[in-house]
1. Return the total of residues in region 129-152 being of a type outside the set (D, E, K, R) and surrounded by fewer than 18 Cβ atoms within 10 Å (Cβ to Cβ).
2. Within region 43-57, does at least one residue satisfy the condition of being more than 21 Å from the chain's Cα centre (by Cα), among the hydroxyl-bearing types (Ser, Thr, Tyr) and loosely packed, with under 13 Cβ neighbours inside 10 Å?
3. How many of the residues making up region 269-308 are surrounded by 17 or more Cβ atoms within 10 Å (Cβ to Cβ), more than 30 Å from Gln349 (Cβ to Cβ) and in contact with a Ser or Thr (Cβ under 7 Å, 6 or more places away or on another chain)?
4. Of a type outside the set (Phe, Trp, Tyr) and outside any loop (DSSP other than H, G, I, E, B) - does that describe any residue in region 10-19?
5. Looking at Ala228, is it assigned to a strand (DSSP E or B) and surrounded by fewer than 18 Cβ atoms within 10 Å (Cβ to Cβ)?
6. What number of residues in region 319-333 are of a type outside the set (A, V, I, L, M), within 14 Å of Ala292 (Cβ to Cβ) and under 34 Å from the mean Cα position of the chain (by Cα)?
7. Having 2 or more residues that are closer than 23 Å to Glu226 by Cα and among the small types (Gly, Ala, Ser) is the bar; report the strands (runs of 3 or more DSSP E) wholly within region 27-115 that clear it.
8. Counting only residues that are among the small types (Gly, Ala, Ser) and touching a strand residue (DSSP E or B) at 6+ places or on another chain (Cβ under 9 Å), which one in region 297-352 is nearest to Ser279 (Cα to Cα)?
Amino acid sequence: MIELKNVSKTYYSKANGSDAGAVHALKNADLYIPKGTIHGVIGLSGAGKSTLIRCVNLLERPTEGSVTVNGQEITRLNAQELNRARHRIGMIFQHFNLLTTRNVFDNIALPLELMGRSKRAIRERVLPLLELVGLSDKTHQFPAQLSGGQKQRVAIARALASEPAVLLCDEATSALDPQTTGSILELLRDINQTLGITILLITHEMEVVKSICHRVSLISDGELVEDAVVGDFFTAPRTQLGREFLNDFLQLAPPKELVDRLQEAANDSTHPIVRLTFSGDAVSTPLISQLARECGVDVSILQAKVESIQERTLGLMIAELLGTPEQTQQAMNYLKSHQLQVEVLGHVQRDD
Ligand SMILES: Nc1ncnc2c1ncn2[C@@H]1O[C@H](COP(=O)(O)OP(=O)(O)OP(=O)(O)O)[C@@H](O)[C@H]1O
C-alpha cells in the first residue's frame, strides 16, 4: 500500500529558500492506494506527476506531509532504514536507465549485488526473472542490442529483483510505440495479478489508464483534483480538465466546418450543437427517438461512438437539436433527467 497525507513539494531556485522563485510542484496531496491495486495518475506536462511519484520513494523529499509505504512512514527513516525500505519499492523510468556497460543478466543482478547477495543466490533470483519478462534468450546481450520494449523488460526485471511490494512506473511506456506499449502494460498487469504487487504509475496517456488501472487520479497544477475508479472517470469526469482528457482520448470533436459556423449566443434562428455522454442503462435506451416523440425535436447526429471501458459502456454523440428554442431546451432537460451529460458546444444558424 501507499498513502500520501497532505504532501507538498516546493522547489526553491534560490539557495536561501526564500519564496521568490519558488515552484509549488505538489500541493497538499492526499492519496491512498490499497495493496495489490494499480493506480494511475494522469496530468498534463508540468502538472507535478514526476514530483508526486518521486516523493513515494523519497527521490524527492516532500517539503511537508507524510508518505507511508508498506505500512512504514518513510519520511522519518534514517539513511540506512530508508535504504532498506527502498528494496521494497521498485521503480521503472521512461528511458529505462540501464547501465550500458553491463549485459542483461548483470543489469538485473545489480540491486542484488548491492544488497550483498551471493553469486548463487543472484543466479537463482535472476534466471526466473528473465523468464518472467520473456528475455531468457537475451541474457548476455547489452542494452544497445535491445529494442525499447526489451530494455523496459530488463528494467522491470531489475526493479523486481529485490522483491518489492510496490512498483513505481514513471511514464514507463511513453518512449514506446503503441504495440510495444500494449505488451509492456500486459506484463505489468501480469505482475500485479501473479505477484500481488501494488503499482503506481504516472502517465499523460488515457489509453494507459484505460488498459490497466483500477483507479485514477487527475493532477492539475500540483493538485490532485479527481480520484475515481477508472469506469467512473471515463464515463463521468468531474472536472473540465477531466472532460478534456476524455474528449482528446475519444477524439470526439465537432467537424472543422461546423466549428467555423459555431457561435456562442443563441437566438430564435439558431440550433444548439450538443455533446452527449451516456453510460449504463442510457446506452441501450432509444432516447433519440423518444426525444422526437416527447419534445418534438429532431436530432441530426454529426458524430457518434461507443466505447467499452472495464465492463462499462460509454456512448458519445455530437448532435444538432432541431426545433424551437423552447423545444430544444425541453429536449436537453429531458436528456439530463435520463442521466445523460449534455454539453452545449455552441449554436449554428438554421439553414431555412
Ligand atoms: N528540480 C526542480 N527544480 C525546480 N523546479 C522543478 C524541479 N523539478 C520539477 N520542477 C517544476 O515543478 C513542476 C512540476 O514538474 P514535474 O516534473 O513534477 O511535472 P510532470 O507532470 O512530471 O511533467 P512532465 O510530464 O513534463 O514530466 C514544473 O513546473 C517543473 O518545472
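1. 10
2. Pass one, region 43-57, residues more than 21 Å from the chain's Cα centre (by Cα): none.
Among the residues of region 43-57, not one is more than 21 Å from the chain's Cα centre (by Cα), among the hydroxyl-bearing types (Ser, Thr, Tyr) and loosely packed, with under 13 Cβ neighbours inside 10 Å, which makes the answer no.
3. The qualifying residues number 1.
4. Initially, region 10-19 is screened for residues of a type outside the set (Phe, Trp, Tyr), giving 10, 13-19.
Restricting the remaining residues to those that are outside any loop (DSSP other than H, G, I, E, B) gives 10.
Yes, region 10-19 has at least one match.
5. Values: assigned to a strand (DSSP E or B): yes; surrounded by fewer than 18 Cβ atoms within 10 Å (Cβ to Cβ): yes.
Judged against the criteria, Ala228 is a match.
6. 1
7. Working: elements: 38-43, 64-69, 89-93.
Strands (runs of 3 or more DSSP E) meeting the threshold: 38-43, 64-69.
8. First, the residues of region 297-352 that are among the small types (Gly, Ala, Ser): 300, 304, 308, 315, 319, 323, 331, 337, 346.
Subsequent filtering for residues that are touching a strand residue (DSSP E or B) at 6+ places or on another chain (Cβ under 9 Å) retains 300, 304, 308, 315, 319, 323, 331, 346.
Details: Ser300: 20, Ala304: 13, Ser308: 10, Gly315: 6, Ala319: 17, Gly323: 25, Ala331: 18, Gly346: 23 Å.
Step by step, filter region 297-352, then rank; the result is Gly315.
Readers should treat all values here as calculations from the given coordinates under stated rules, not as data from a laboratory. Because the structure is a prediction, the values reported are computed rather than measured. Virtual Cβ from ideal backbone geometry, glycine too; neighbours counted across all protein chains shown.
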